[in-house]
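Peer 1: A single structure is presented below for examination.
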Amino acid sequence: MKDKIRICFVGCGQFCRFFVPIFKNHPAVEYIAVCDKFPERSKEFSETFGANRIFDTFEEAVASDDINAVAIFTQRDLHGYMAIEALKHGKHVYSAVPMALKIEDIQEIVRLVKETGLTYMMGETGIYRPASIFCRRKYASGEMGDMVYAEAQYNHDMKRLYDVFKYTEGESWRKMAGLPPFFYPTHSTSMVLSAARAHAVKVAAFGYEDKIDTDIFGDNMNYWDNPFSNSSMLLKLSNGAIARISENRRVAWHFPETYISTFNCTNASYECSLLQHSYVRMDEKGFVDYEDVSDLLNSAESTAHKSDSEYMQKAINGEWQNTEAPIQIVNRLPKELEGLHTGHAGTHKFMVDDFCQAYATGKLSPTNAWQAARYNIPGLAAHQSALKGGVTVDVPDCGDPPAEYEVLSPDREFNEEDYR
Ligand SMILES: NC(=O)c1ccc[n+]([C@@H]2O[C@H](COP(=O)([O-])OP(=O)(O)OC[C@H]3O[C@@H](n4cnc5c(N)ncnc54)[C@H](O)[C@@H]3O)[C@@H](O)[C@H]2O)c1
């Protein structure tokens with residue numbers, strides 16, 4: 001029997017807070033440590049969650065034999081460096097998105113995972129979201145025919161995030177807030193690509209040059225000299241289909257944040273507008289059959305409020321966005337996680353469980369290094385295209401995982417042999 005997971009959370013910020021209790025209660029985990037560059041934050045986490053140890057620095061954590069894994073929840077620009085260092089020190093890695101901000105760092109993570117056999121998982125919510133599950137299952141069943149075209153987006157207006165950046169970055173917060181939208185593409189790309197079972201081969205993209213936050217976006221304004229607050233890309237996929245992905249950071253929108261709006265195939269199509277999810281199928285004679293799949297894909301909590309007079313008003317402002325929908329297989333999760341808070345459309349527990357399962361079984365997580373690279377790299381290539389006014393750019397590919405590995409399906413059913 002393999003040792004249990006002994007994990008250090010690096011980055012005791014807003015997002016990590018939701019994950020510590022899930023990891024701590026997971027039956028595969030026996031030890032938790034915390035680490036933040038601000039000692040008061042790691043102390044507060046340690047007291048709140050009952051950590052076994054506080055590490056003063058990331059470097060001290062990865063060098064320690066007390067732990068065998070790290071969960072990286074620091075800011076976006078640190079994930080690549082920290083994942084590489086952790087793997088070099090023999091630690092398994094769970095990393096918040098994105099995987100890294102440089103193609104070379106992503107390639108290095110893939111290389112190290114291949115060399116060491118350690119578990120790597122990018123904690124990507126997108127593939128566990130109801131619309132992604134629905135399109136993935138329907139398309140895999142063969143019922144939809146051949147994929148033609150898809151659209152997905154991550155609309156996250158930054159106004160609400162500026163305070164978060166100020167909290168963590170102090171005076172330099174603007175430098176971080178101007179991150180190119182395409183450096184954080186995985187919510188949208190993963191939803192479409194996991195359903196398509198394909199990867200991007202070419203990209204052409206454009207950016208919207210920001211006119212509002214000119215002290216954040218533009219030359220010398222951020223670490224990347226990035227002028228774009230919103231960007232859209234057109235991808236040619238390995239299965240011949242086309243996908244449009246938009247990453248909008250200054251846009252009048254709130255919820256849903258990440259969604260597939262269109263998944264068109266030759267025999268059937270899925271469409272979404274706000275909370276209305278539609279599925280149409282065409283027969284051999286060209287007649288179209290309509291199915292309203294909203295109750296399957298919206299959270300059960302939301303559906304219970306469908307006849308409220310303010311239903312849509314509340315939904316687009318984020319109510320009922322945290323809990324599970326009927327399509328998500330909640331009973332495949334360990335019973336120890338029941339009752340714990342989840343988030344991002346009920347995805348958090350699935351991500352933690354898949355990391356733990358991957359570690360325990362030696363299988364690859366659904367968002368293993370190879371797959372995570374295929375969700376991340378298109379954005380990095382797309383930014384280059386947008387900076388050059390939309391020229392077509394090849395998307396570098398790290399390939400499939402080695403054939404000897406089995407990859408865990410995010411859609412697997414309850415298994416007696418899981419942690420029960
Ligand atoms: N849907 C999602 O998947 C989703 C949602 C929110 C955040 N995230 C990701 O989670 C990460 C964290 O986001 P957040 O909102 O919690 O940010 P945050 O700023 O609240 O937290 C980051 C923490 O990391 C700490 N830190 C920075 N450098 C460090 C170092 N060298 N060593 C140790 N600690 C260090 C900071 O002090 C801070 O407490 C981000 O990378 C973000 O991309 C993902």
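The values are calculated or read from the model by the stated rules, or taken from the named source; none is laboratory data. These numbers were taken from a predicted model, which means no experiment stands behind them. We place every Cβ from the backbone using ideal geometry, glycine too, and count neighbours over all the protein chains shown. SASA here: full protein model, heavy atoms, side chains in, ligands and nucleic acids out. Shrake-Rupley method; radii C 1.70, N 1.55, O 1.52, S 1.80 Å.
Peer 1: Counting only residues that are within 6 Å of the ligand (Cβ to nearest atom) and over 20 Å from the mean Cα position of the chain (by Cα), which one in region 7-50 is surrounded by the fewest Cβ atoms within 10 Å (Cβ to Cβ)? Let's see the steps before the verdict.
Peer 2: So the first thing to find is which residues in region 7-50 are within 6 Å of the ligand (Cβ to nearest atom), and the list is 10-16, 35-38, 41.
Checking the rest, the ones that are also over 20 Å from the mean Cα position of the chain (by Cα) come to 35-38, 41.
Working: Cys35: 29, Asp36: 26, Lys37: 15, Phe38: 11, Arg41: 17.
Once the filter is applied, the top-ranked residue is Phe38.
Peer 1: Just the residues that are in a loop (DSSP other than H, G, I, E, B) and farther than 20 Å from Val113 by Cβ, please, taken from region 73-82.
Peer 2: Hit for region 73-82 is Gln75, nothing else.
Peer 1: Here are the criteria: (1) closer than 18 Å to Gly399 by Cα; (2) within 16 Å of the ligand (Cβ to nearest atom); (3) in contact with a His (Cβ under 7 Å, 6 or more places away or on another chain). Tell me which single one Thr119 does not satisfy.
Peer 2: Only one criterion is unmet by Thr119, namely (2).
Peer 1: When residues of region 287-312 are filtered for being open to solvent by 70 Å² or more (accessible area, probe 1.4 Å) and among the polar types (S, T, N, Q), how many remain?
Peer 2: 2
Residues are listed down the side, and each one gets a yes or a no for (1) in contact with a strand residue (DSSP E or B) (Cβ under 7 Å, 6 or more places away or on another chain); (2) within 11 Å of the ligand (Cβ to nearest atom); (3) assigned to a loop (DSSP other than H, G, I, E, B):
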| site | (1), (2), (3) |
| --- | --- |
| Asp66 | yes, no, yes |
| Ala71 | yes, yes, no |
| Ile84 | no, no, no |
| Arg111 | no, no, no |
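Peer 1: If Asp146 satisfies all but one of (1) of a type in the set (D, E, K, R); (2) out of contact with any Cys (no Cβ under 7 Å at 6 or more places or on another chain); (3) in contact (Cβ under 8 Å) with a residue 12 or more places away in the chain, what's the number of the condition it fails?
Peer 2: In the conditions (1) of a type in the set (D, E, K, R); (2) out of contact with any Cys (no Cβ under 7 Å at 6 or more places or on another chain); (3) in contact (Cβ under 8 Å) with a residue 12 or more places away in the chain, Asp146 misses (2) alone.
Peer 1: Can Thr116 be described as of a type in the set (S, T, N, Q) and in contact with a Leu (Cβ under 9 Å, 6 or more places away or on another chain)?
Peer 2: When the stated conditions are applied, Thr116 passes them.
Peer 1: Would you mention how many residues in region 229-241 are under 22 Å from the mean Cα position of the chain (by Cα) and open to solvent by 10 Å² or more (accessible area, probe 1.4 Å)?
Peer 2: Total meeting the criteria: 5.
For (1) closer than 30 Å to Ala300 by Cβ; (2) among the acidic types (Asp, Glu); (3) touching a helix residue (DSSP H, G or I) at 6+ places or on another chain (Cβ under 9 Å), each residue gets a yes or a no:
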position: Ser46; (1), (2), (3): no, no, no
position: Thr57; (1), (2), (3): no, no, no
position: Arg76; (1), (2), (3): no, no, yes
position: Leu101; (1), (2), (3): no, no, yes
position: Glu143; (1), (2), (3): yes, yes, no
position: Met147; (1), (2), (3): yes, no, yes
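Peer 1: Moving to a separate point now. Which condition number in (1) within 14 Å of the ligand (Cβ to nearest atom); (2) open to solvent by 30 Å² or more (accessible area, probe 1.4 Å); (3) in contact with a Lys or Arg (Cβ under 9 Å, 6 or more places away or on another chain) is the one that Ala61 fails?
Peer 2: Result: Ala61 passes all but (2).
Peer 1: Only one of (1) touching a Phe, Trp or Tyr at 6+ places or on another chain (Cβ under 6 Å); (2) in a helix (DSSP H, G or I); (3) open to solvent by 10 Å² or more (accessible area, probe 1.4 Å); (4) not charged (D, E, K, R) fails for Leu101. Which number is that?
Peer 2: With respect to (1) touching a Phe, Trp or Tyr at 6+ places or on another chain (Cβ under 6 Å); (2) in a helix (DSSP H, G or I); (3) open to solvent by 10 Å² or more (accessible area, probe 1.4 Å); (4) not charged (D, E, K, R), Leu101 is out only on (2).
Peer 1: Also, I was wondering about something else. Do we find that Val391 is open to solvent by less than 30 Å² (accessible area, probe 1.4 Å) and of a type in the set (A, V, I, L, M, F, W, C) in this structure? Step through it out loud before you land on a result.
Peer 2: Values: open to solvent by less than 30 Å² (accessible area, probe 1.4 Å): no; of a type in the set (A, V, I, L, M, F, W, C): yes.
For Val391, the condition - open to solvent by less than 30 Å² (accessible area, probe 1.4 Å) and of a type in the set (A, V, I, L, M, F, W, C) - is not met.
Peer 1: For the list (1) under 24 Å from Phe350 (Cβ atoms); (2) open to solvent by 30 Å² or more (accessible area, probe 1.4 Å); (3) in contact with a His (Cβ under 8 Å, 6 or more places away or on another chain), I need the number of the one condition that Val330 fails.
Peer 2: Here Val330 clears every test but (3).
Peer 1: In region 394-417, which residues are crowded, with 18+ Cβ neighbours inside 10 Å and farther than 21 Å from Glu108 by Cβ?
Peer 2: Leu408, Pro410, Asp411
Peer 1: Out of the helices (runs of 4 or more DSSP H) lying entirely within region 123-202, which hold 2 or more residues that are crowded, with 22+ Cβ neighbours inside 10 Å? It would help to see each step written out before you state the result.
Peer 2: Details: elements: 130-141, 162-169, 173-177, 186-196.
Output list reads 130-141, 186-196.
Peer 1: Continuing with the same structure: For region 173-226, name all the residues that are away from the ligand (no atom under 16 Å from the Cβ) and small (Gly, Ala, Ser).
Peer 2: Ala195, Ala196, Ala198, Ala200, Ala204, Ala205, Gly207, Gly218 - these are the residues of region 173-226 that are away from the ligand (no atom under 16 Å from the Cβ) and small (Gly, Ala, Ser).
Peer 1: Here is a follow-up. For region 230-348, please list each of the helices (runs of 4 or more DSSP H) lying entirely inside it that holds at least 1 residues being of a type outside the set (S, T, N, Q), within 16 Å of the ligand (Cβ to nearest atom) and in contact with a strand residue (DSSP E or B) (Cβ under 6 Å, 6 or more places away or on another chain).
Peer 2: By residue number, no helices (runs of 4 or more DSSP H) qualify.
Peer 1: If you don't mind, another one. Only one of (1) in contact with a strand residue (DSSP E or B) (Cβ under 7 Å, 6 or more places away or on another chain); (2) over 30 Å from Thr303 (Cβ atoms) fails for Gln153. Which number is that?
Peer 2: Checking Gln153 against (1) in contact with a strand residue (DSSP E or B) (Cβ under 7 Å, 6 or more places away or on another chain); (2) over 30 Å from Thr303 (Cβ atoms), the one that fails is (2).
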